[in-house]
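Inspection log for the structure reproduced underneath, given as structure tokens.
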Amino acid sequence: MKNILFLAVFLTAVLSGCDSEKKDKIILTSSSGNINSISVIVDNELWEGSIGESLRNTLAAPVDGLPQEEPLFSLNQMPQQSFEGFVRQNRLFVKIESGKEAGFKIFRDPYAHPQIGVVISGQNSQEIVDQISENSESLIKVLKNTEITEKQRRIRKSLKDDDKLEEQFGISMKFPTAYRYAIEDKKFFWIRKDIPKGNIEIMVYEVPLSTIDKDTNVVGQIIKMRDSIGKSRVPGRLDGSYMITEEAYAPYLFNSEIDGKFAYETKGTWEVKNDFMAGPFINYAVRDTANSRYIILEGFAFSPASAKRDNMFELEAILKSVKFQ
């Protein structure tokens, strides 16, 4: 009898625990929002003052390497009381809390998935502005990485076959079926996508390590390499015209990483020598020491009189998807 009573109590406890776990388990809805769009939750008067100015200077700073100024993120400001219901499903949000202890906190999937929420707080405007300034690098990094991952997820829904790249260069690269192979050479691949009034392009090739590593002028060597490829591989519309790095402005150079390998990341603008064509480019020179080479991954766009931020972001997401086999 005691055993039966014990078993009944035990089963009741287990079932109650299961019910409790079901109640505690929260199923998050899918997040929404355009790529590189942030909801900024801050009261109107703070948005119009120093806090808003600091947020705009940080989150809407001009994107490096574009021929015209375009913001890093598109900002949608709303007061605290509007941050309810479906608005909370936006994939990225930055929330300002005044009258609280100074802090900078990052939350993953607080209301939806995938989602990044950043809460910046302070007792007054100056403390909040200080928090924004002190954490600007971390803020940009987490938001941008989230968007790269989201863009790559969307790209994976309809992928072009990349077996040819693996066969020639020993790499995989995730890009959509909207792209096509324009040139397939043993040492040079050109992949392109038509867009309204223009094109976005990807080039993949390899060069010896000595092409860049032979001296300390890395930017100069990358420009020389690009211009050599442009002259031999990327002709313009007119006879004797070809793509070069824009001569009037030096490109931006950063240290980066692709699939765990060191890479030089170069952003700037290209132009066509002896013609009137130009646009932005992003170039990754990925050091593949095991094979004594740099794999060059470059994306560039031609879209006169159109915004180019989103096109270049797509190219960046594609190039960062590269894996070495």
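Using Cα atoms only, what is the angle between the long axis of helix 309-319 and the major principal axis of the chain, expressed in degrees (0 to 90) to the nearest 10? That helix lies at roughly 90 degrees to the long axis. With semi-axes √(5λ) of the Cα gyration tensor in Å defined as stated, name the option among (1) 39, 26, 20; (2) 45, 28, 18; (3) 37, 22, 19 computed from the structure displayed. Label (2) holds the value from this structure.
How about the stretch 256-325: which chymotrypsin sites (Phe, Trp or Tyr not before Pro) there are in a DSSP loop, with at most 15 other Cβ atoms within 10 Å of their Cβ?
Numbers: sites: Phe262, Tyr264, Trp270, Phe276, Phe281, Tyr284, Tyr294, Phe300, Phe302, Phe313, Phe324; in loops: Phe276.
Here the sparse-neighbourhood loop sites are Phe276.
Hey, what do the phi angles of the stretch 91-103 turn into as Karplus ³J(HN,Hα) couplings, whole Hz, using 6.51/-1.76/1.60 and θ = phi - 60°, x for Gly and Pro? Per-residue couplings from phi come out as 5, 10, 8, 10, 10, 9, 10, 8, x, 10, 4, 4, x Hz. Greater than 19 Å separation of Cα atoms is the criterion. Which listed pairs, Lys214/Lys323; Lys193/Lys261; Lys151/Lys186; Lys105/Lys267; Lys151/Lys187; Lys160/Lys323, meet it? Checking Cα-Cα distances, Lys214/Lys323; Lys193/Lys261; Lys151/Lys186; Lys105/Lys267; Lys151/Lys187 exceed 19 Å. State the answer as a single residue: which of Ile258, Ala301, Gly268 lies farthest towards the positive end of the charge dipole of the chain, with beta carbon charges of +1 for Lys and Arg and -1 for Asp and Glu, about the Cα centre. Toward the positive end, the furthest listed residue is Ile258. If the segment from Ile27 to Ile183 were pulled out straight at 0.36 nm per residue, it would be longer than the present Cα-Cα gap by 51.5 nm. A simple spin-label model places the labels of Gln152 and Asn34 2.4 nm from each other, with each point 7 Å out along Cα-to-Cβ. For the stretch 25-98, the list of trypsin sites (Lys or Arg not before Pro) that fall in a loop by DSSP and count at most 12 other C-beta atoms within 10 angstrom reads Lys25. Seen from Lys273, the other residues with C-beta closer than 11 Å to its C-beta sum to a net charge of -4, counting Lys and Arg as +1 and Asp and Glu as -1. Computed on protein heavy atoms with a 1.4 Å probe, the accessible areas place Thr289, Thr29, Thr216, Thr269 in the order Thr216, Thr289, Thr29, Thr269, largest first.
Taking the Cα centre of the chain as origin, sum charge times position over the Cβ atoms of Lys and Arg (+1) and Asp and Glu (-1), and report the length of that vector in debye to the nearest 20. Kindly include the intermediate steps, with their values, before the conclusion.
Numbers: 42 positive and 46 negative charges, 236 e Å.
Once rounded to the nearest 20, the dipole reads 1140 debye.
Charge tally around Ile128: other residues with Cβ under 10 Å, Lys/Arg +1 each, Asp/Glu -1 each, net -2. In this structure Ser138 has an accessible area near 60 Å², from a 1.4 Å probe over the protein heavy atoms. If the segment from Glu101 to Lys224 were pulled out straight at 0.36 nm per residue, it would be longer than the present Cα-Cα gap by 39.1 nm. Exposed loop sites here are GluC sites (Glu not before Pro) assigned a DSSP state other than H, G, I, E or B and surrounded by at most 15 other beta carbons within 10 Å; excluding them, the longest clear run of the chain is 102-246. With one equal scatterer per alpha carbon and no solvent term, the Debye-computed log10 I(q)/I(0) for the stretch 205-324 at 0.12, 0.14, 0.18, 0.23 1/Å reads -0.43, -0.59, -0.97, -1.43.
The values are calculated or read from the model by the stated rules, or taken from the named source; none is laboratory data. Model, not experiment: these values are computed from the prediction. FYI the Cβ positions are ideal-geometry reconstructions off the backbone, even for glycines, and counts take in every protein chain you see. Surface areas here come from the heavy atoms of the whole protein model, side chains and all, with no ligands, DNA or RNA. Shrake-Rupley method; radii C 1.70, N 1.55, O 1.52, S 1.80 Å.
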